[in-house]
Amino acid sequence: MSDTATNTPGIAGEAERAAAQNGGLLRVLGPAHIWALGVGIVLVGEYMGWNFAVGKGGAYAALIACWFAGILYSCVAMIDSEVTSTVAAAGGQYTQAKHIVGPLMAFNVGLYLVFAYTMLEAANAITVGFLVETVAGMTGHEGLDPQPFIVLAIMFLAWLNYRGVLATLTFSLVITAFAFSSILILFLATSPVFGDSPLRHAELMTDLPYGWLGVLAAMHFGLWYYLGIEGTCQAAEEVRSPARSLPFGTLAGIMTLLIAATLTWYVSVGLMPWEYLGQSGVPLFDAARMSGSTALTVLLGIGTLFATLASANGCINDASRAWFAMGRDHYLPSWFGAVHPVYRTPYRAIIFLVPIALIFALGAPLDQVITFSILSGLLEYTFMPLNVILFRRKWPLETIKRGYEHPFHPLPAITLLCLCGITFFAVFLGYGTQLVAMIAFYIVVSLWFHFWRYRFVRRAAQFTMPWPKPQGY
Amino acid sequence: MLIWNLAEYVAWALAAVLGAYIIIDWLRTDSRYSEEELTSSREGQLEAMTEQHEL
């Protein structure tokens, strides 16, 4: 059935591939789609959200948060690339946890994923409504109802996801590339290299207005520069060559975001005083308006809309894969583990999450929705260093083949754990009640899983990777 | 302005059409295929056939 020539993770012959795909998800994606999935989810954070770090601690605090969050997410990307290139299945970190840590951790991680992505999808839909309302206001029409545009954004993207993963992520690729190019164009157009520049860093930059405590508080919103890059793992079961494409797409994604984050900070703080920038709803759009160029204003307006749609699109894709994988393993009712026989998508998981996203998008305030998304993401990042340390301990490098081996282990894991601790404290300073409420929620559902749900799980069937026995067992 | 009022109605209509498409296709699919077929996906099918994860 296999030999050494084809014994590369994720590489199969045509006949094998056809046989294996009966009833399963389609393996049709390439590295560009992985890049688009990761960057697409995140890039909206450059267009809005990151600038609240400026409000917390000033322009330099936002830059320091950008660097530290950049280190945090580089660790996330490296760790994820190694583990997911080996555990190449839908569910991403949920499936990793199931194989490496245990069922209760996996159940919690699965819920972190679904919550983080569904809340982010709702936040993006709210933003689409806000953008349309803003454009209507600019044309002189006041009092536009944003609700139909919020509902349309969610329904359109759910429909796209329902119809097939290739079209979904190709759409993400096009609009993400446009949004990223818009940031590059804004930087080049305002740069002093091409003549008179509107940037006024010398006049606008100040010392840290709230000292180092402001820098700590800025870490909370510093996550926005990169929040969601780990979403690339969810495509593991639909990518043609997981061992190559997942590390390549994820690491190219984090490099793209480091560039985008730095350019965004540089242009924005050079055009707006920190007191204004720290409260702006759409900072890059405002930066374009401050540049005085109509073409840049239109470009960044479209870029903002595209970044928002790309993020919501990726979130639907990722949340549904996590929910589907949990259903397939009977961690949730197996009804959710169905694949559409024609479109090869987890259609029931996609449908189930639509009303949940609609409820939060139409009924919850934006800052609460975003905070719940960040908190779930942060819990997920805290799991990752423990996961990779256990992975290396149970299956050392010489025991199983990996698509990518991250360097300097365990330094990235320890760094990630320390930065997560600092960020938890930063979040606690601003949103302590939500943090405690969220942890209480996960404790309650963990008890439900342990005492009730786990009896339905087929315990032997859930471990599918053809790995040798772990060391010490 | 009229165009924005119209846009609101168009957005509601498009959302309803897309929602109806999804629901109709979902019900049709569930009635045409057995539950075994629909839930026949197994994690690691491809890996189990092509990989030994050995060096």
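Side notes on the structure shown:
- Accessible area per residue was computed with a 1.4 Å probe on protein heavy atoms; residue A:201 scores about 40 Å².
- In this simple spin-label approximation, residue A:455 and residue A:266 carry label points 7 Å from Cα along the Cα→Cβ vector, and these lie 6.1 nm apart.
- Against the criterion of solvent-accessible heavy-atom surface with a 1.4 angstrom probe, A:225, A:210, B:33, A:343 sort, most first, into A:210, B:33, A:343, A:225.
- Accessible surface of residue A:429, taken over heavy atoms with a 1.4 Å probe and every protein chain present, rounds to 90 Å².
- Over all other residues within a Cβ to Cβ distance under 14 Å of residue A:32, the charged ones net out to +1, with Lys and Arg as +1 and Asp and Glu as -1.
- Extending 7 Å from the Cα toward the beta-carbon at both residue B:14 and residue A:206 defines two label points whose distance is 4.3 nm.
- 25 Å Cα cut-off, lysine pairs counted over the protein assembly as shown (separation 8 or more, or different chains): 5
- Percentage, to the nearest whole number, of Cα pairs in the protein assembly as shown over 41 Å apart: 19 percent
- In percent, rounded to a whole number, the relative contact order of chain A is 33, using alpha-carbon pairs under 8 Å and six or more apart.
- As a length-normalised measure over Cα pairs under 8 Å and 6 or more apart, the relative contact order of region A:296-363 settles at 21 percent.
- Converting phi to 3J(HN,Hα) with the Karplus coefficients 6.51, -1.76 and 1.60 and the offset θ = phi - 60°, region A:284-289 yields 5, 5, 5, 4, 4, 5 Hz in sequence order, with x at every glycine or proline.
- In order through region A:101-113: 3J(HN,Hα) via Karplus (6.51 cos²θ - 1.76 cosθ + 1.60), integer Hz, x for Gly, Pro: 9, x, x, 5, 4, 4, 4, 5, 5, x, 5, 4, 4
- For region A:370-473, the set of trypsin sites (Lys or Arg not before Pro) satisfying both a DSSP loop assignment and a count of at most 14 other C-beta atoms within 10 Å is given as A:458, A:459.
- Note on residue B:35: accessible area approximately 80 square angstrom, rounded to 10, probe 1.4 Å, nucleic acids and ligands left out.
- Rg/Rh ratio calculated on Cα atoms of region B:2-50 (Kirkwood radius): 1.36
- Here the Karplus curve 6.51 cos²θ - 1.76 cosθ + 1.60, taken at θ = phi - 60°, turns the phi angles of region A:142-156 into couplings of 9, x, 5, 7, x, 4, x, 6, 5, 5, 5, 4, 5, 5, 5 Hz, with x standing for Gly and Pro.
- Within chain A: Cβ-based charge dipole about Cα centre, in debye rounded to nearest 20 (Lys, Arg +1; Asp, Glu -1): 1640 debye
- Distant-in-sequence amide H partners of residue A:29 (H built 1.01 Å from N, under 5 Å): A:239, A:240
- The GluC sites (Glu not before Pro) of region A:95-160 that DSSP puts in a loop, and whose beta carbon has at most 14 other beta carbons within 10 Å, are A:142.
- FRET efficiency estimate (nearest 0.05) - Cβ-Cβ, residue B:5 to residue A:425, R0 51 angstrom: 0.55
The values are calculated or read from the model by the stated rules, or taken from the named source; none is laboratory data. The shown structure was predicted, so the numbers you read here are calculated from the model rather than taken from an experiment. Note that each Cβ is placed from the backbone with ideal geometry, even for glycine, and that neighbours are counted across all protein chains shown. Note: areas computed on protein heavy atoms with side chains; ligands, DNA, RNA excluded. Shrake-Rupley method; radii C 1.70, N 1.55, O 1.52, S 1.80 Å.
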